[in-house]
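The values are calculated or read from the model by the stated rules, or taken from the named source; none is laboratory data. Since the model is a prediction, treat every value here as computed from it, not as a measurement. Heads up, the Cβs are rebuilt from the backbone with ideal geometry, glycines too, and the neighbour counts pull from every protein chain shown.
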């Protein structure tokens, strides 16, 4: 967990929610009231966000006592208790929605990711996430992918060079883009991997002729063409398939022999796992 990122996220999320005060709690519950609550799992899946929840409770009120009963990455079933929290009822209620929102979202992502990871077990292929994340929540969503057993692609625009179709078109072609990217890294003294997206076999052949990349993304290749492309690359570069890949067809793409499959659905189309925080 990156403490700086998490601290910043929690501070902003609390400020967004509390405004000038939790007037419902302040008006109905006497100050100093103590209580307990338990976080109940109401769906089957992979639990994620527990470590984050503990940090949220701690930042809102360091006197709260949190007891973790189920850790991140654990398969859970309906009715199980993930954690309990004890202390100021005002603090518990302030933390409640933020904890649930984060854990439900992260658990949904981890659950979907893990289903795909299980499907890919017979193959060498690993599943990657993408930058198709919720603004402001990228760190949490990519964290959840890792909890579910997936692999993080680049975090942002700064930690990898990924030459996509628009870059190629604006740069004046495959060769121009690759040469420019390598020159840039040399000039800036930066050590970043270079990946390039190709749309067809002709572009792939241009990349193979040019070289000087680390990974080739085969975008929206139909299955027979994808298999042909992997055979043509013949292990010279790391391969990644993307575009139109979903849970129902992911094994067909893996069977073509690619090293990675990137799937935007891991973060942009998942169903949250149902969780609830109840007083007891």
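In table form, for the structure just shown:
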{"read-out": "Cβ pairs under 9 Å, 6+ apart, first in the range 257-276 and at positive phi, second in a loop (DSSP other than H, G, I, E, B) and surrounded by fewer than 22 Cβ atoms within 10 Å (Cβ to Cβ)", "value": "257/123; 257/124"}
{"read-out": "Residue check for residue 25: without any contact (Cβ under 8 Å) to a residue 60 or more places away in the chain and assigned to a helix (DSSP H, G or I)", "value": "no"}
{"read-out": "Among (1) closer than 20 Å to residue 13 by Cβ; (2) surrounded by 20 or more Cβ atoms within 10 Å (Cβ to Cβ); (3) touching a strand residue (DSSP E or B) at 6+ places or on another chain (Cβ under 7 Å) - the single one residue 49 does not satisfy", "value": "(3)"}
{"read-out": "Residue among 218, 226 that alone is at negative phi, part of a helix (DSSP H, G or I) and in the same structural domain as residue 201 (by TED's automatic domain parsing)", "value": "226"}
{"read-out": "Test: residue 151 is within 10 Å of the chain's Cα centre (by Cα) and modelled with pLDDT of 95 or more", "value": "yes"}
{"read-out": "Unmet requirement for residue 217, which otherwise passes all of (1) surrounded by 15 or more Cβ atoms within 10 Å (Cβ to Cβ); (2) more than 16 Å from residue 158 (Cα to Cα); (3) without any contact (Cβ under 8 Å) to a residue 40 or more places away in the chain", "value": "(3)"}
{"read-out": "From 40, 70, residue being under 28 Å from residue 270 (Cα atoms), in the same structural domain as residue 11 (by TED's automatic domain parsing) and part of a strand (DSSP E or B)", "value": "40"}
{"read-out": "The range 242-280: number of residues that are part of a strand (DSSP E or B), within 30 Å of residue 139 (Cβ to Cβ) and either more than 18 Å from the chain's Cα centre (by Cα) or outside the structural domain of residue 211 (by TED's automatic domain parsing) (or both)", "value": "4"}
{"read-out": "Unmet requirement for residue 92, which otherwise passes all of (1) at negative phi; (2) in the same structural domain as residue 188 (by TED's automatic domain parsing); (3) in contact (Cβ under 8 Å) with a residue 40 or more places away in the chain; (4) out of contact with any helix residue (DSSP H, G or I) (no Cβ under 6 Å at 6 or more places or on another chain)", "value": "(2)"}
{"read-out": "Only listed residue being under 28 Å from residue 249 (Cα atoms) and crowded, with 18+ Cβ neighbours inside 10 Å, chosen from 181, 177, 229", "value": "229"}
{"read-out": "For residue 48: the one exception among (1) under 24 Å from the mean Cα position of the chain (by Cα); (2) over 16 Å from residue 140 (Cα atoms); (3) not in a helix (DSSP H, G or I)", "value": "(2)"}
{"read-out": "Filter result (surrounded by fewer than 16 Cβ atoms within 10 Å (Cβ to Cβ) and more than 20 Å from residue 111 (Cβ to Cβ)) within the range 62-83", "value": "62, 63, 65, 67"}
{"read-out": "Enumeration of residues in the range 121-162 that are within 26 Å of residue 206 (Cα to Cα), free of Cβ contacts under 8 Å to residues at least 40 places away in the same chain and not in a loop (DSSP other than H, G, I, E, B)", "value": "161"}
